[in-house]
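Undergrad: Quick one: the structure is below, questions incoming.
The values are calculated or read from the model by the stated rules, or taken from the named source; none is laboratory data. Computed from a predicted structure; not experimentally measured. Using ideal geometry, Cβ is built from the backbone for each residue, glycine included, and neighbour counts are taken over all protein chains shown.
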Amino acid sequence: MISRLNIRQIAEEKEESLSSYAVKSRSSRGRLRPGEPCPIRTAFQRDRDRIIHCKAFRRLKHKTQVFIAPLGDHYVTRLTHTLEVSQIARTIARALNLNEDLAEAISLGHDLGHTPFGHVGEEVLNELYHGGFRHNEQSLRVVDSLENNGQGLNLTWEVRDGILNHSKTRVDILGQGWGKVNTLEGEVCKLADTVAYINHDIGDAIRAGIITENDLPLSSITVLGGSHSQRINTMVCDIIDYSWAASGYNTIDKPTICMSPQVLEATNTLREFLFERVYNLRSAQEEVEKARGVIRLLYKYFTEHEDQMPPEYRFYSDEIEQRVVDYIAGMTDQYALRMAAELSLTR
């Protein structure tokens, strides 16, 4: 009966009213492997659901965002960060008449390959593995090769592109070296990621007693607002306003996703403050070194004792080191800590 209702086709027809710059699901560049379309969901809606139901997505709830294995109940995890990015991206995409489903799918999948212990884990694996390690590339590997018993999730090209190209270097927001996604929806996710982490990392740092609201740069607070919600609202509204050409509503400007110079400067100032006062905090070095030691121990042990890894990992790559990287990158903080403790006791 459902197949006769043409629910998916109706949804695809509704997408024709989106901006001319939006990606329409029926115009997707397709999947790695062809398959029958869903009778109900568009291609991007189906991608979103595949991501939400995968194991890597579930593990995000026990992975660090900034503070390593925090004991408090209200610290941001990689999962809550992902949900915040999704919410912000959907709001912006909807306002700009872009494809909200595509923005949501990219957002939900962007950090699936992140290591335990946040960027500390990423840095150590990058140092140890001869092929290097970047969490965005690992996220793509998760959805292409590791999930679904090694079959991957077979996502659309547009979602895979957004996942691969969401990552940013240490450069200023929207600065030289910022990189580019090949869809406006992907660019929305990239900025939404920045809006989310800057604001929730401030909240976590205040919660941890590292900074106070009064420590935040006055030049940024004057522009963005004095509270968490005010700052997010200012950033999101500014992105929508300054990116309005992307909406396709009687505009002749080149479509781009960006911030106004004033808000961009205030946001970059806030970001630099976080690097100086939170991310590079010397008092946390003991915790950081412990996390580094755990990753190094696990990498050394499993490269020497491959048979101790779950047997399915032997099918994911022909190279031992890649299989070890896949295993460690998929671990949660607590699992990595428990595993390292057990190995230390038995050696």
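Undergrad: Any chance the range 145-155 includes a residue that's under 18 Å from R59 (Cβ atoms) and touching a Ser or Thr at 6+ places or on another chain (Cβ under 7 Å)?
TA: So far as the range 145-155 goes, yes, one or more of its residues are under 18 Å from R59 (Cβ atoms) and touching a Ser or Thr at 6+ places or on another chain (Cβ under 7 Å).
Undergrad: In the range 31-56, how many residues are without any contact (Cβ under 8 Å) to a residue 24 or more places away in the chain and among the basic types (K, R)?
TA: 1
Undergrad: Sticking with this one: Test E13 against the stated conditions and say whether it is assigned to a helix (DSSP H, G or I), surrounded by fewer than 20 Cβ atoms within 10 Å (Cβ to Cβ) and without any contact (Cβ under 8 Å) to a residue 24 or more places away in the chain.
TA: Judged against the criteria, E13 is a match.
Undergrad: Here's something else I'd like to know. Within the range 71-110, take every residue that is without any contact (Cβ under 8 Å) to a residue 60 or more places away in the chain and part of a loop (DSSP other than H, G, I, E, B) and give me the one that is farthest from E123 (Cα to Cα).
TA: The extreme case among them is D73.
Undergrad: Which of the numbered conditions does Q65 fail, given that it passes all the others? Conditions: (1) modelled with pLDDT of 95 or more; (2) under 13 Å from D193 (Cβ atoms).
TA: Answer for Q65: the failing condition is (1).
Undergrad: Let me ask something else about it. Can you tell me which of R48, R59 is closer than 30 Å to G209 by Cα, under 22 Å from the mean Cα position of the chain (by Cα), crowded, with 18+ Cβ neighbours inside 10 Å and at pLDDT 95 or above?
TA: Going through R48, R59 in turn, the sole match is R59.
Undergrad: State whether one or more residues within the range 75-95 are at pLDDT below 95 and surrounded by fewer than 20 Cβ atoms within 10 Å (Cβ to Cβ).
TA: yes
Undergrad: Here's a follow-up. Only one residue in V143, V181 is among the aliphatic types (A, V, I, L, M), assigned to a loop (DSSP other than H, G, I, E, B) and either at pLDDT 95 or above or crowded, with 20+ Cβ neighbours inside 10 Å (or both), so which one is that?
TA: Of the residues listed, the single one that is among the aliphatic types (A, V, I, L, M), assigned to a loop (DSSP other than H, G, I, E, B) and either at pLDDT 95 or above or crowded, with 20+ Cβ neighbours inside 10 Å (or both) is V181.
Undergrad: Of these, M309, M235, which one is touching a residue at least 12 places away in the same chain (Cβ under 8 Å) and under 29 Å from R141 (Cα atoms)?
TA: M309
Undergrad: A further question follows. Would it be correct to say that R29 is outside any helix (DSSP H, G or I) and exposed (fewer than 14 other Cβ atoms within 10 Å of the Cβ)?
TA: yes
Undergrad: Report the residue count in the range 306-315 for those that are surrounded by fewer than 17 Cβ atoms within 10 Å (Cβ to Cβ) and closer than 23 Å to F117 by Cα.
TA: Within the range 306-315, residues that are surrounded by fewer than 17 Cβ atoms within 10 Å (Cβ to Cβ) and closer than 23 Å to F117 by Cα number 3.
Undergrad: Please identify the pairs in which a residue from the range 264-286 that is on the phi < 0 side of the Ramachandran plot and of a type in the set (F, W, Y) has its Cβ atom under 7 Å from the Cβ atom of a residue that is crowded, with 16+ Cβ neighbours inside 10 Å and modelled with pLDDT of 80 or more, counting only partners at least 6 apart or on another chain.
TA: Once the first residue is on the phi < 0 side of the Ramachandran plot and of a type in the set (F, W, Y) and sits in the range 264-286, its partners that are crowded, with 16+ Cβ neighbours inside 10 Å and modelled with pLDDT of 80 or more give F273/L216.
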